[in-house]
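Everything on this sheet refers to the single structure shown next.
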Amino acid sequence: MFPRDQWYKLGLLLYMLVWFMGSFWMGGMIKSGAIVHWLGVELRAVEEYVYYALAGAIGGTLYAMRLFHEFYDQISDRWILWYLLRPIKCAGAAVMTIVLFQSGIMLLQTGTSMEAKIGIAFLVGFGYGKLMDKLKVLTETLFNGNNEKTSGDQPPK
């Protein structure tokens, strides 16, 4: 069925499907009340953030599955880590982006509805690369300004 060197691609596809379907399943289980504790955390206290993380993971995984389909023949070992980390990075970025919006640091009218915030979290996951570009600009503006001072990451010239 698959050549021996193609099995990792099947593994990646299964991994992404588990993340994609599992995120929907987990959201449903939490919403129904079937899961109230997860890894020692009472989910009621962080429920909305879990929904944001799951929506971000769904968006990121959907984007990854699209690329997997488009570039199947070009996937190399170099991309395995990208595919493995994508849902995790997108989940974290989605939660933190909603926090930045709610705090007023990033400006976007999300409204107060949970659906709007979950929609934004999904878009964060789907457009993770663009978000990282925007956060880089925001960070440079907040911490570096327009002057030519060196950052704390680089030695002075």
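Only protein heavy atoms count here; under a 1.4 Å probe, residue 7 has an accessible surface of about 130 Å². Look at [x] -0.56, -0.65, -0.89, -0.96; [y] -0.50, -0.57, -0.78, -0.85; [z] -0.42, -0.50, -0.80, -0.92: the one that is log10 I(q)/I(0) by the Debye sum over Cα atoms at q = 0.11, 0.12, 0.15, 0.16 Å⁻¹ derived from this structure is [x]. Taking all protein chains as they are arranged and a probe of 1.4 Å, the heavy atoms of residue 69 leave approximately 150 Å² accessible to solvent. The amide H of residue 38, built 1.01 Å from its N in the peptide plane, has 43 as neighbours under 5 Å, considering only residues 5 or more places off or on other chains.
Residues 112, 61 ordered from highest to lowest accessible area at a 1.4 Å probe: 112, 61.
The values are calculated or read from the model by the stated rules, or taken from the named source; none is laboratory data. The shown structure was predicted, so the numbers you read here are calculated from the model rather than taken from an experiment. Heads up: the accessible areas ignore ligands, DNA and RNA and are worked out on the full protein's heavy atoms, side chains in. Shrake-Rupley method; radii C 1.70, N 1.55, O 1.52, S 1.80 Å.
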